[in-house]
Amino acid sequence: MSSRTAPRLLTLQRHLGSPQDSDMESGSSPLTTHVLDTTSGLPARGLCLRLSQLKNLGQQWTELRKSSTDMDGRCPGLLKPGQLKPGTYKLSFDTEGYWTKRGQESFYPYVEVVFTVTNDSQKFHVPLLLSPWSYTTYRGS
């Protein structure tokens, strides 16, 4: 393998996921997210986020995990296998912090994506496409 090919191969493996991925990577986690910065066309690296679950008693959000996106804009291991239960969840993305670090003004200080899990045997992927002035999300696969 040439010295020019090796870095590209490592980047591709990191993006797609390699067989050496740990238990908390996308292959085993029931919930993953991936954030793309549509302004640059690159992954949104270092974007802080929180995962919370709505508890019926008192309608209070309980924080389950704080994390941030990796070099590929992914946060693959939000929950361990078996940890996802039916209910309502929220991913909160600190978009203001992300854009401020880049010297960019933005309209949305944060993005909250609230979703319901009814079948805990499925896997859930929540992508976020982000710019300083807009965002979009969908249920990925």
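Percent of accessible area on the stretch 82-141 owned by carbon and sulfur, 1.4 Å probe? Write out the running numbers ahead of the final one.
On the way: 1740 of 3500 Å².
With neighbouring chains kept in place, the figure for the stretch 82-141 is 50 percent.
Distance between the modelled labels on Leu54 and Ser28, one decimal in nanometres: 3.1 nm (7 Å Cα→Cβ projection).
Couplings 3J(HN,Hα) for the stretch 29-46, derived from phi with the Karplus relation 6.51 cos²θ - 1.76 cosθ + 1.60 (θ = phi - 60°), are 6, x, 9, 9, 9, 8, 10, 10, 7, 6, 6, 9, x, 10, x, 7, 7, x Hz, where x marks Gly and Pro. Along the Cα→Cβ direction, 7 angstrom out, place labels at Asp70 and Asn119. What is the inter-label distance in nm? About 2.7 nm, to one decimal.
Straight-line reach only, C-alpha to C-alpha below 25 angstrom: list the lysines that Lys85 could link to, leaving out same-chain residues fewer than 8 apart. The reachable lysines, counting only those whose Cα sits under 25 Å from Lys85, are Lys55, Lys66, Lys123. Here the stretch 102-141 and the stretch 78-97 have alpha carbon centers that stand 11 Å from each other. Rounded to whole Å, the principal axis extents of the Cα atoms in the stretch 45-87 read 38, 21, 10, largest first.
How big is the equivalent ellipsoid of the stretch 88-141 along its three axes, where each semi-axis is √(5λ) from the Cα gyration tensor, reported in whole Å from largest to smallest?
Numbers: eigenvalues 139, 21, 14 Å².
Sorted largest first and rounded, they come to 26, 10, 8 Å.
Amide H contacts of Ser131: Thr38, each under 5 Å away and 5 or more positions distant or on a separate chain (H built 1.01 Å from N in the peptide plane; Pro and chain starts excluded). Each of Arg45 and Lys85 was given a label point 7 Å from its Cα along the Cα-to-Cβ line. The distance between the two points is 3.8 nm.
The values are calculated or read from the model by the stated rules, or taken from the named source; none is laboratory data. Just so it is clear, the model here is predicted, and its values are computed rather than measured. Neighbour counts are summed over all protein chains in view; Cβ atoms, including those assigned to glycine, are modelled from backbone coordinates with ideal geometry. With ligands, DNA and RNA removed, areas are computed over all heavy atoms of the protein, side chains included. Shrake-Rupley method; radii C 1.70, N 1.55, O 1.52, S 1.80 Å.
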